[in-house]
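Below is one structure, written out as structure tokens; the observations come after it.
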Amino acid sequence: MLLVKKLLRDIPAVLGLVIIVTVVLVAIFAWHLVPDPYGVYDGDILTRLQPPSWEHPFGTDDLGRDILSRVIVGSRGALMIALGVVAVSMVIGIPLGLYAGYESGWGSEAIMRLTDIFLAVPQLILALAVAQILSRGIESAMLALALTYWPFFTRTVFAETRRVRTALFIEAMEGLGASRLRIITAHILPNVAASIIVRATIGMGFTILTAATLGFLGIGATPPSPDWGLTIAESREYLPESWWFATFPGLAILLTVLGFNLFGDGLRDLVDPRLRRSR
Amino acid sequence: MWRFVLRRILLMIPVLFGLLLLTFTMLQLIPTDPAAALAGDNATVEQIEAIREQFGYNDPVVVQFWTYLKQVSHGDFGVSVYSMRPIGADIAQRLPATIELTFVALILAGVGGIVIGTLAAVWHNSAFDHIVRVLSVAGLAVAAFWFAIMLQVLFAMDLNWLPLRGRLAVGIAGPPHVTGFYLIDSLIAGDFGLFWQSLRYLTLPAVTLSLGGLATIARFTRSAIVETMQRDFVAYEQAVGFPKWRIVLPYVLRNSLVTPITQIGLLFGSMISGAVVVESIFDWPGLGSYLVQVIFAADYRAILAVTLVIGVIYALVNIAVDLVHTWVDPRVSEHM
């Protein structure tokens, strides 16, 4: 409870949390919120490229679809992709990090060298290459992002496990004859969970940005998806006249990522007071 | 010092070998037949088989990996299906443009970030400080491709101050090739008009690319300086009556720059991935836009060659950063 209180005193973190909750709610109830459910996929070609108005607060796109509605529905895709990618990365990355951190031997050495190799190339570039090999589409983009993001989890979990491993109570458990699996899952995992949560929160924001970039480059979502990145790519032909076409999906990305970053920073300060805010 | 450098370079070798193994494995996983792609649409089965034999696609995998290693170590990445030229030549031709762009962006981010961060720390808790803190968080949440487009709309399309895309206007030849960097080559040629033009074309992409780095470095510099300002030697100097700037500039800054400089190294990775996006938006003829082009052409060999080259550059930059790091703070090398 003390932790919650401390977090609530951190204004940027609370702001981040408010943004996250809002975006999640918008995504869940997207189809009830959209002012124009038909306008998401079927536009009226006669009202194409209309500037923002009362009827279309964010304007309309090149096919006359309502951009506000598409931005709202697009939040579902963005969050689903990020959740999927982070979840898969956690499933791969955490066990490897726990094992490599707890054991010391060629197995753990091999895992850590593997993360070195993956981290030797910027994630986006590796993800682009993997996505291309897997064939186009949203699923392969997600898989590509997850296959290139897990090393970040492994690194975090490895470092934390190494730290916890030397603690006296672990030694005591070993002395009592507790099994390796039991020590790792019941005693080490809860102690490294905080760092995992921080990494996952920051990873959500990061993945939304990377996934939007893939969508923009034409490797993730495919038309007529209301994906934010894809929408911005589609808008380029109609600039600068139809500025609203590109502006609002970009603001949606900015706001969502900002929410995760602010909240993630706040969490990190709580978990590790050495890394105080301000950075 | 030199032992430290040598150690870093030796440590790089297994990582690069692993990266080669990774790219090679990915080449093997490609769904399409590379021989068929090379032969073209109208090739007969015999022609495809001949190409397969010629390029060694029928050899055992281990032999193929050995051949791949040998070729790559000579800079021979095969022929691009996209440009029909040797991939190595394509990369060599495009690399200077990317390095020029990234380097300028890195300088913008480094110098700008350190100056802004220092000012924010010196005017701790002022309005300026608060604005810097908000912008430094927001700067990391902005999608680079969106920021690039917004800059294009504002400065190139609406205000018409800066060119929209390209490295120079269409039809204008670059300066005589010396280094491949237009900014330097045009100065060597003594052509200041061309230098000015290159700079104008470089501005928007470089600013876009520097945004994330600028935000990160400003943030780290600010917090490092705020922390250093609380140390005893600063209190002493203040008590003796040194003016604030005489304390901050030589003493506090040197004691605070270690983290920001480490960050610059880490940023290089995000700059390279940023370059992929920024270059394709601004039609900058570098490695990043090449990567996007070969991805759309499904030119796997070129994709993996670019990935590999970027990995090598990335590793070299990290070594360079460590060197600067030890130079700024000699305590570091003892730990490594």
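Values quoted throughout were computed directly from the atomic coordinates according to the rules given, and no laboratory measurement underlies them. Everything numeric in this text was worked out from a predicted model, so none of it was measured. Glycine gets a Cβ as well: all are built from the backbone with ideal geometry, and neighbour counts include every protein chain shown.
Summary table
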read-out	value
Rounded Å value of the spacing that divides the Cα centres of segment A:200-279 and segment B:263-296	18
Within chain A: Cβ-based charge dipole about Cα centre, in debye rounded to nearest 20 (Lys, Arg +1; Asp, Glu -1)	1280
Debye, to nearest 20: dipole size of segment A:131-268, +1 on Lys, Arg Cβ, -1 on Asp, Glu Cβ	660
Of A:Ser242, A:Ser53, A:Ser140, the one that fluctuates the most in a GNM where chain A has Cα springs shorter than 10 Å	A:Ser53
Between segment B:160-189 and segment A:119-188, the Cα center-to-center distance that results, in Å	45
Residue of B:Ser73, B:Ser280, B:Ser210 that the Gaussian network model of chain B assigns the largest fluctuation, springs spanning Cα pairs under 10 Å	B:Ser73
The protein assembly as shown - charge dipole about Cα centre, Lys and Arg +1 at Cβ, Asp and Glu -1, debye rounded to 20	2220
Net lengthening on full extension, B:Ala50/B:Leu316 (0.36 nm per residue, minus Cα-Cα)	91.8 nm
For chain B, with +1 on Lys and Arg beta carbons and -1 on Asp and Glu, the positive-most of B:Ile247, B:Ser289, B:Val226 along the dipole	B:Ile247
Modelled FRET efficiency - R0 41 Å, B:Arg85 with B:Trp2, Cβ distances, 0.05 increments	0.55
Spin-label proximity, B:Leu159 to segment B:273-287 - amide N less than 19 Å from point 7 Å beyond Cα toward beta carbon	B:282
For B:Val79, distant residues with modelled amide H under 5 Å away	B:Ile87
Per-residue HN-Hα couplings for segment B:224-238 [Karplus 6.51, -1.76, 1.60; θ = phi - 60°; Hz; x = Gly/Pro]	5, 5, 4, 5, 5, 4, 8, 6, 4, 5, 5, 4, 4, 4, 5
Spatially proximal aspartates and glutamates relative to A:Lys5 (Cα-Cα < 17 Å; intrachain offsets below 8 disregarded)	A:Asp265, A:Asp269, A:Asp272
Restricting segment A:12-84 to chymotrypsin sites (Phe, Trp or Tyr not before Pro) in coil, as DSSP defines it, with at most 13 other Cβ within 10 Å	A:Phe29, A:Trp54
Choice from B:Thr98, B:Thr228, B:Thr118 showing the highest fluctuation, given a GNM over chain B with Cα pairs closer than 10 Å	B:Thr228
Inter-label distance, nm, simple model (7 Å from Cα along the C-beta direction), A:Ala167/A:His32	4.2
